[in-house]
Amino acid sequence: MSAFRVEVRVMPRAALLDPQGQAVEHALHALGFGEVARVRMGKHLVLDVKAASRDEALERARAMCDRLLANPVTEDYDLAVDGGATR
Amino acid sequence: MKRVAVIVFPGSNCDAETLAAARAAGSDAYFVWHRDTDLRQADVVILPGGFSYGDYLRSGAIARFSKVMGAVAEHARAGGAVLGICNGFQILCEAGLLPGGLMRNARLRFLSRPVWVRVEQTDTPFTCFYEPGEVLELPVAHGDGRYVVDPRTATELEATDRVVWRYVRDNPNGSTNEIAGVTNAGRNVVGIMPHPERRDAPALGGQDGARVFHSMEARHATQHVADVRAVDDRHLRV
């Protein structure tokens with residue numbers, strides 16, 4: 001077994017209104033950052049996962065996202081894995 | 001007298017009012033803790049409002065995996081009546097017992113004020129004592145009340161008469177098609193964002209919500225399954 005760090009990015013579906021992102025965008029504009037065309041805001045989760053391989057860690061993390069970490073009705077997610085050092 | 005189980009999650013805060021509203025309608029209502037798996041022969045299950053598990057991750061996302069939810073899903077599958085109010089509606093959506101999901105209010109503010117909803121469907125266990133088209137004044141108290149559903153499901157909900165309540169005068173939270181409450185295909189599971197239990201007596205500023213509980217008390221929990229017939233695509237109560 002090795003330890004893998006899986007980073008999960010959960011974002012509101014692109015087609016859906018993201019009022020938090022819009023509020024941040026307006027605040028940036030008010031501070032003079034007019035070059036910002038759009039802000040979307042989501043969640044970032046960091047999981048330390050024990051698994052036999054990188055692929056297994058990914059597969060398990062995907063199952064976690066499908067069951068709990070993301071709501072498929074309102075959110076999309078993507079995953080990145082680091083590590084693999086035996087602990 | 002119906003047996004009504006009001007489920008209590010850590011962070012539920014409308015459980016006492018919901019129990020009182022069910023009892024005022026004549027029901028034999030009692031609490032069921034989220035760790036229990038026995039609904040004690042409930043005819044009706046109500047998931048009350050509140051902030052279960054602090055709304056962590058997403059509203060209702062963690063409560064839906066509570067032990068009691070297995071029994072609630074089984075009750076729903078068997079045709080038993082289930083009502084989710086506010087956080088209870090969010091939990092039912094997260095559990096997949098109702099379509100769609102509830103996201104942050106379009107204007108971000110937490111809303112605690114009266115809204116107006118039109119009763120669109122009266123052939124559910126919780127609306128049979130209302131007249132179709134009746135407008136009710138009910139309070140909302142939510143930060144995540146924007147009902148969101150993909151366009152295909154929204155079309156299906158409209159075509160199959162599954163929007164039970166719709167916001168009128170204004171759309172307080174930006175919900176798709178002004179949807180304030182929906183039902184499932186079996187019409188036994190119902191979710192509503194406003195709080196009928198907070199308007200069930202004149203002393204509470206009105207009683208527009210009382211008939212939600214009188215409806216459930218008057219009807220057999222499973223009556224609708226046998227007794228609602230679709231004729232020319234219109235649901236008739238017989």
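Couple of notes before you dig in:
- The stretch A:1-25 and the stretch B:5-77: distance between their alpha carbon centers, rounded to Å: 30 Å
- Positive contributions from Lys and Arg (+1) and negative ones from Asp and Glu (-1), summed over other residues with Cβ under 9 Å from the Cβ of B:Gly26, come out at 0.
- Cα extents of the stretch A:2-83 along the three principal axes, largest first (Å): 49, 27, 13
- Kirkwood-based Rg to Rh ratio, the stretch B:3-237, C-alpha trace: 0.92
- Global geometry of the stretch B:49-142, whether rounded, prolate or oblate, following the gyration tensor of its Cα atoms and the 1.5 cut on a/c: oblate
- Taking 18 Å as the straight-line reach from the Cα of A:Lys50, the aspartates and glutamates in range (excluding those fewer than 8 positions away in the same chain) are A:Glu7, A:Glu59, A:Asp82.
- Rounded, prolate or oblate (a/c below 1.5 giving rounded, otherwise prolate when a/b exceeds b/c) for the stretch B:1-91 by Cα gyration tensor: oblate
- Residue order, fewest to most beta carbons within 10 Å, for A:His29, B:His34: A:His29, B:His34
- Global form of the stretch B:119-210, assessed from the alpha-carbon gyration tensor, a/c cut-off 1.5: oblate
- Distance between modelled label sites at A:Arg62 and B:Ala16, nm, 7 Å Cα→Cβ extension: 4.9 nm
- Protection proxy ranking of B:21-27, B:1-7 - average other beta-carbon atoms within 10 Å, highest first: B:1-7, B:21-27
- In loop segments of chain A as defined by DSSP, the GluC sites (Glu not before Pro) with at most 10 further C-beta atoms inside 10 Å of their C-beta are A:Glu35.
- As a rough footprinting exposure proxy, the listed residues B:Cys86, A:Cys65 were ranked by other beta carbons within 10 Å of their own, and the order from fewest upward is A:Cys65, B:Cys86.
- Here the translational diffusion coefficient of the protein assembly as shown follows from Stokes-Einstein with Rh set to the Kirkwood radius across Cα pairs; for 25 °C and 0.890 mPa s it amounts to 118 µm²/s.
- Efficiency of FRET between A:Asp82 and A:Ala14 - r from beta-carbon atoms, R0 22 angstrom, step 0.05: 0.25
- On Cα atoms only, tilt of A:19-30 relative to the major axis of chain A in degrees: 50 degrees
Read-outs: derived from the displayed coordinates by stated rules, not from any lab. Keep in mind that this is a model prediction, so the values were computed, not measured. With ideal geometry, Cβ positions are generated from the backbone for all residues, glycine too; neighbour counts draw on all protein chains shown.
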